[in-house]
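Student: Let me begin by handing over the structure; questions about it come next.
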Amino acid sequence: RLDFRPNLWHMALVGGAIGYLTGLVASTGAINTPFFLAFGLVTGADVGTVAASSLTVVLAKGVTFHQLGIINGRAIAQGLLIGVFVLIGATLSKRLVLQIPEHRFLQLMEGVMLVSGLSILWMAWPAA
């Protein structure tokens with residue numbers, strides 16, 4: 001295991017790079033996760049930080065894309081509706097997440113990252 005623990009300056013640099021990538025692609029959630037975990041955020045702290053950063057990014061992208069005329073009011077309303085249900089789901093799962101031991105949470109997150117990476121590779125694989 002690599003014993004690297006990023007500090008706040010590292011996280012700021014990573015945040016800038018991920019912010020730039022987020023402007024280019026739809027989502028960078030799979031890229032954020034290892035850095036949040038390496039920073040020491042687990043269980044509720046990880047979920048809360050991911051939620052807060054995602055909300056900030058989505059709001060900034062929504063305002064920017066609306067100002068550029070890329071999305072209209074209907075798309076924003078649909079996004080807000082989806083966001084409400086994501087918030088409800090996160091609230092309902094909070095109790096469960098807080099009961100998971102840290103080592104199990106890390107295993108779960110590593111499994112999620114593995115499945116995410118494999119699914120990206122699968123989708124990118126050229127059809128025969």
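Student: Using a 1.4 angstrom probe on the protein heavy atoms only, could you order Ile31, Ile120 from most to least accessible area?
Tutor: On the way: Ile31 70, Ile120 95 Å².
Highest to lowest solvent-accessible surface, that is Ile120, Ile31.
Student: I'd like the orientation of helix 73-99 relative to the chain: the angle between its Cα long axis and the longest Cα principal axis, in ° from 0 to 90, rounded to 10.
Tutor: 20 degrees
Student: Another question, if that's okay. For the chain, what is the mean residue ellipticity at 222 nm derived from helices alone (per DSSP H run of n ≥ 4: -39500 (n - 2.57); sum divided by total residues; nearest 500 deg cm²/dmol)? Show your work: numbers first, answer last.
Tutor: On the way: 5 runs with 102 residues, N = 128.
Calculated at 222 nm, the ellipticity per residue is -27500 deg cm²/dmol.
Student: Using only Cα atoms, tell me the angle between helix 43-67 and the longest principal axis of the chain; keep it within 0 to 90° and round to the nearest 10.
Tutor: Between helix and principal axis, roughly 20 degrees.
Student: Between region 61-128 and region 1-35, how far is it from one alpha carbon centroid to the other, in angstrom?
Tutor: Using only Cα atoms, the two centres lie 16 Å from each other.
Student: Could you work out what % of the accessible surface of the chain is carbon and sulfur, using a 1.4 angstrom probe and leaving DNA, RNA and ligands out of the count?
Tutor: Details: 7130 of 9890 Å².
The value for the chain is 72 percent carbon and sulfur by accessible area.
Student: Next up: Among Ser116, Gly40, Ile82, which residue has its Cα positioned farthest towards the positive end of the charge dipole of the chain, with +1 placed on the Cβ of Lys and Arg, -1 on the Cβ of Asp and Glu, and the dipole taken about the Cα centre?
Tutor: Ile82
Student: Would you mind checking the tilt of helix 29-38 against the longest principal axis of the Cα atoms of the chain, expressed as 0 to 90 degrees and rounded to 10?
Tutor: 30 degrees
Student: Let me ask something additional. Just the number please: accessible area per residue for the chain, 1.4 Å probe, all protein chains included, in Å². Spell out each step's value before the answer.
Tutor: On the way: 9890 Å² over 128 residues.
Value returned for the chain: 77 Å² of accessible area per residue.
Student: May I ask you to rank Glu110, Glu102 by accessible area, largest first, using a 1.4 Å probe over the protein chains only?
Tutor: Values: Glu110 80, Glu102 115 Å².
Final ranking, largest accessible area leading: Glu102, Glu110.
The values are calculated or read from the model by the stated rules, or taken from the named source; none is laboratory data. From a predicted model like this one, the values you see are computed outputs, not experimental measurements. Cβ atoms come from the backbone with ideal geometry, glycine included; neighbour counts cover every protein chain shown. Side chains included, ligands, DNA and RNA excluded: accessible areas come from the protein's heavy atoms. Shrake-Rupley method; radii C 1.70, N 1.55, O 1.52, S 1.80 Å.
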